[in-house]
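The values are calculated or read from the model by the stated rules, or taken from the named source; none is laboratory data. A quick note: this is a predicted structure, and the numbers were derived from the prediction, not measured. For neighbour counting, all protein chains shown are included, and Cβ atoms are generated from backbone atoms with ideal geometry for every residue, glycine included. Note: areas computed on protein heavy atoms with side chains; ligands, DNA, RNA excluded. Shrake-Rupley method; radii C 1.70, N 1.55, O 1.52, S 1.80 Å.
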Amino acid sequence: MMKTKRFGYLAPLTAMLCNLGIAYILYFLARIIYLLVNYSYFEQGLSFSHLMEMLGGGLVFDTSAILVTNIPYIVLMLLPWHRKENDTYQQICKWVFSVINGLALAINLCDSVYFRYTMRRTTTTVFSEFSNEGNLGSIFLTETLHHWYLVIAFVLLIWGVWKLYVKTGLEWKRLRPWPYALTVFLSLAAFAPFVVAGIRGGFTTAVRPITISNANQYVNRPIEAALVLNTPFSLYRTIGKAVFVVPDYYQNEQEMEAIYSPVHTGLSGISGESRDTIAPGFIKKNVVVLIVESFGREYIGALNKTLENGQYRGYTPYVDSLIAKSVTFSHTYCNGRKSIDGMPSILSSIPMFVEPFFLTPASMNHVSGIASILAAEGYQTAFFHGAQRGSMGFQAFSRATGFQDYYGREDYDADTRFGGDEDFDGMWAIWDEPFLQYYATKMSEMKEPFMTAIFTASSHHPYVIPEKYKAQYPEEGIIIHKCIRYTDMAIGKFFEKASLEPWFNNTIFVLTSDHTNLSDHAFYETDLGGFCSPIIIYEPGNAERQPEIQDKIAQQIDILPTIMGMLHYPKPYFGFGVDVLNTPAEDTWAVNYLNGIFQYVKQGHVLQFDGTQTKAVYALSDSLMKQNLIGKVPQQPQMERELKAIIQQYMTRMTQDKLSVNNE
């Protein structure tokens, strides 16, 4: 432990600056650990000079976080009162500094593990996301055991902070009160502007307080913004902040509507003989949507024929066989990176921009969805999720979007035909195999036509499977692969049971995932590859719909409009996506948001836009996104216009409660 007594009355300022320097070292080491834990996501194009650029940018955000979090410590150290120069007070200062920066370190280290699921730094919405979960303690303990090396790193670093902490070394009885008070007060006054500038990100009045999006000025790829940022900064900069800000790309609403509108007219504008010629009347088929936890496109052999030089077989033999009977698309994407992003995207055609939709105030808007649209046409609707009621906010969202019934873990337990809580996985929900059987059984008890959706759970962290299947599905590849095999088997048994039911051939099945997950292929770790989810449409009773992989772009928000098109739904409805089956390939597109960057996929390219300007353009054939074609692609101006219209429509409708045709 050092002392700064030789600096006289400036010792409090000197000691404080030395200790803040220790905090900088702590943040730097936490960032290096973050990089090493997730190296496969950052290694592409990671030259030494670019790493230095990102580390230099990280200093800006570290400065802000360190100064904000250490304000109590700064005030304690620069309090102009000579009697604070005693061992007890100085020991309190040491504890305050160690606890504050120990918490910051712990948050950064925890987020280094969580990153692979979200591809970004954690924000305050995480508290709402998991507010209804009662198993967070066991999850944290499991992760602690799996990442024991981070615990050791934490202990060693905090021990170093404690040992290196610098005290003033002054004794209050030997100090002259007024000179001491004046010197320390002037130190505080002189340091205060540096604190304000450091928190804001600069000295000049033209500098706006830095936000998460400012990290993009130091990166080549959106995913790298997570390396520039730190988690304490991401948390406190999102407290109480307006999530949706309406841009002014288009002053003329008619011009914007002409480029893009999320309001679909259905067949309402077509009448008489023309309507009968173009499409028959409303076809009341059942609709079943399977949202499979973490079931990324990467794991499906049938969708990766060229992976590993054509040798890749994947982990989903049943889904492979299902694809052979279904329609899917050459490029399919999710619209978010979390389970709570998947629900609005798939069931209400609302993508995730900035933050998860139903963790924002906009979730109180009037929201439509597949369930509400079809319920108004006489459908019985139900949502199934094998976790406890309230988990992830799914029950609230399902009710808000028109699901009349909700079946969760409690309902499964109450049904004596099934295994009850003996089928609980001990962490999240009922195992997929029995719960999917329950799902099929309950649908057979519903009145046709019905619309249902299920959200599975077994292919979820902590990646375990039932004891009886551990020999059948041993560890292989990465930790999630055995869970994917188990869930694939459960899906197969579901369809086996469903195929025996009278409603089967009158049903449209859609299978997708909520988001992607762990990867062991470079393509699926890129900015765009991290959003590759399957979208599989299976219509067993329609002999005219030929199985194929159409050369189109599809996304989760296309599911609602596509189902409406398959049913020949005749009325206007709301949805940000398109009817991908009835849209020409060149007009299909996808959009997602990552670390302040909007990614727009269309006509063989992906455009990355930061809200103000295009940052990059890549060809989809450039699977590892190595060659930036900005300014070299003739489609770029049109893609920019279209993306701006999508963003402005989204932000406007979020802030003006226009997420339903009834609120137009």
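Results, tabulated for the structure shown:
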| read-out | value |
| --- | --- |
| Selected residue (only one of 443, 451 is of a type outside the set (Asp, Glu) and in contact with a helix residue (DSSP H, G or I) (Cβ under 6 Å, 6 or more places away or on another chain)) | 451 |
| Unique match (being out of contact with any strand residue (DSSP E or B) (no Cβ under 7 Å at 6 or more places or on another chain), modelled with pLDDT under 85 and small (Gly, Ala, Ser)) among 269, 310, 201, 281 | 269 |
| Count of residues meeting criterion [assigned to a loop (DSSP other than H, G, I, E, B), open to solvent by less than 60 Å² (accessible area, probe 1.4 Å) and under 14 Å from residue 489 (Cα atoms)] in segment 460-476 | 3 |
| Within segment 347-399, considering residues that are of a type in the set (Phe, Trp, Tyr) and in a helix (DSSP H, G or I), the one surrounded by the fewest Cβ atoms within 10 Å (Cβ to Cβ) | 397 |
| Residue identified as touching an Asp or Glu at 6+ places or on another chain (Cβ under 9 Å), among the β-branched types (Val, Ile, Thr), open to solvent by less than 20 Å² (accessible area, probe 1.4 Å) and closer than 22 Å to residue 522 by Cα among 580, 617, 606 | 606 |
| Residue check, residue 497 basic (Lys, Arg) and closer than 26 Å to residue 401 by Cβ | no |
| So residue 88, is it crowded, with 17+ Cβ neighbours inside 10 Å and of a type in the set (S, T, N, Q) | no |
| Qualifying residue in segment 328-341 (condition: in contact with a Ser or Thr (Cβ under 9 Å, 6 or more places away or on another chain), part of a helix (DSSP H, G or I) and either modelled with pLDDT of 95 or more or not β-branched (Val, Ile, Thr) (or both)) | yes |
| Scan of segment 621-644 for residues that are without any contact (Cβ under 8 Å) to a residue 24 or more places away in the chain, assigned to a loop (DSSP other than H, G, I, E, B), out of contact with any Lys or Arg (no Cβ under 9 Å at 6 or more places or on another chain) and more than 18 Å from residue 531 (Cβ to Cβ), ordered by number | 627, 631, 632, 634 |
| Matching option when the condition is aromatic (Phe, Trp, Tyr), open to solvent by less than 30 Å² (accessible area, probe 1.4 Å) and under 16 Å from residue 319 (Cα atoms), among 486, 524 | 486 |
| Test: residue in segment 159-176 that is at pLDDT below 95, assigned to a loop (DSSP other than H, G, I, E, B) and farther than 30 Å from residue 13 by Cα | no |
| Matching residues in segment 381-433 - criterion: being in contact with a Gly (Cβ under 6 Å, 6 or more places away or on another chain) and among the acidic types (Asp, Glu) | 413 |
| Any chance residue 266 is open to solvent by less than 40 Å² (accessible area, probe 1.4 Å) and among the small types (Gly, Ala, Ser) | yes |
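To keep it simple, each residue is scored yes or no on (1) closer than 30 Å to residue 567 by Cα; (2) open to solvent by less than 20 Å² (accessible area, probe 1.4 Å); (3) outside any loop (DSSP other than H, G, I, E, B).
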site	(1), (2), (3)
421	no, no, yes
427	no, no, no
441	yes, no, yes
457	yes, yes, no
